[in-house]
Every structure is written in C-alpha cells, then in structure tokens.
C-alpha cells in the first residue's frame, strides 16, 4: 500500500490530509525522533527530518500567518480539515513549531529547545483528534499501522 492508495471522505485534499497526519505522528514521537532523527556523527539530522513538517506547516499550509494572527486555520475545514477542533489542535502545534523553525538548526538546538516537549504534546493531541475523525476509515488506519510497524514505533 502506498500513500496514493487511500482517500478520505469529508475533505477535498485527502492525500495532503494523510501526509499531515503522518507528519503529526513523527512530531509527537520522542522515541522515534531520538532513534531515527538524531545522529551523533551528523549535526543536521534532526533539522533535516523535522524540516519536512516545517515545510508542510509553513510553506504549503502557510500556518505562520495564522500563528502571527493568533487564529486557527478554520478556512481549511472541508479542504484539509474536518472540524474546528482539528483547526485548533493544528494551530497549537504550529505555535510551538514556529519558534523552533527560527531558533534551531543543529540537533543540540532542537533537543534543548523549550518548545520541543510542548510541541510533541500538541502534536500528540492533534494526532489523536485527527485519528478519531478517521476511525471509520479502515484503509487509512491500515496505512498508519503499516508505518507504525515499519518504523518500529513503541506507542
């Protein structure tokens, strides 16, 4: 099964939604990050991996504008999001991720950032909300389980 094999009811951009949920899964998972993203021999590995989420949040979705306005992206409902709650939890992740995008470059910067643990907690909450809204989407649930197993996720 590949990322292009699933679709989602209730949104226009189901594949982008699926990718967003995968990014949230990566952002919330401390053990996975430490195991896969941190490399003592390479000073930019955490940055390189988290940059995928940053690109999605700030380039593709322009969430920095919402953080600057202090407003969740309610206008994404129907396109990418299914509810006001999803807009709010996504915004909460962006609030912590935004300063990290400006303040951090090396693994040490990310790992010592005061925003890291709150961002992980916000990403976990967001992931849970999004997955609750996909609980009837058997194909997508199998897709996520495939990545959990492949990446040897502990949760």
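Looking only at the stretch 81-114, count how many residues are within 15 Å of the chain's Cα centre (by Cα) and modelled with pLDDT of 95 or more. Residues in the stretch 81-114 being within 15 Å of the chain's Cα centre (by Cα) and modelled with pLDDT of 95 or more: 15 in total.
Name, by its number, the condition in (1) within 14 Å of the chain's Cα centre (by Cα); (2) at pLDDT 95 or above; (3) farther than 20 Å from residue 12 by Cβ that does not hold for residue 70. So the condition that residue 70 fails would be (1). Restricting the stretch 35-61 to residues that are touching a residue at least 12 places away in the same chain (Cβ under 8 Å) and touching a strand residue (DSSP E or B) at 6+ places or on another chain (Cβ under 9 Å) leaves a set whose member that is farthest from residue 102 (Cα to Cα) is 45.
Of the residues 105, 91, 96, the single one that is assigned to a loop (DSSP other than H, G, I, E, B) and touching a residue at least 24 places away in the same chain (Cβ under 8 Å) is 105. Kindly indicate the residue of the stretch 62-88 that is outside any helix (DSSP H, G or I), without any contact (Cβ under 8 Å) to a residue 40 or more places away in the chain and out of contact with any strand residue (DSSP E or B) (no Cβ under 8 Å at 6 or more places or on another chain) and also surrounded by the most Cβ atoms within 10 Å (Cβ to Cβ) among those meeting that condition. For the stretch 62-88, the residue satisfying everything is 72. Based on what the data block shows, is residue 25 part of a helix (DSSP H, G or I) and more than 11 Å from the chain's Cα centre (by Cα)? Here the answer is no, as residue 25 does not meet what is asked. For residue 35, the stated conditions hold: it is modelled with pLDDT under 95, in a helix (DSSP H, G or I) and surrounded by 13 or more Cβ atoms within 10 Å (Cβ to Cβ). Count of the stretch 122-155 residues, restricted to those that are touching a residue at least 40 places away in the same chain (Cβ under 8 Å), under 17 Å from residue 15 (Cβ atoms) and in a helix (DSSP H, G or I), is 9.
The values are calculated or read from the model by the stated rules, or taken from the named source; none is laboratory data. All values derive from a computational prediction rather than experimental measurement. Note: ideal-geometry Cβ built from the backbone for every residue, glycine included; neighbour counts use all protein chains shown.
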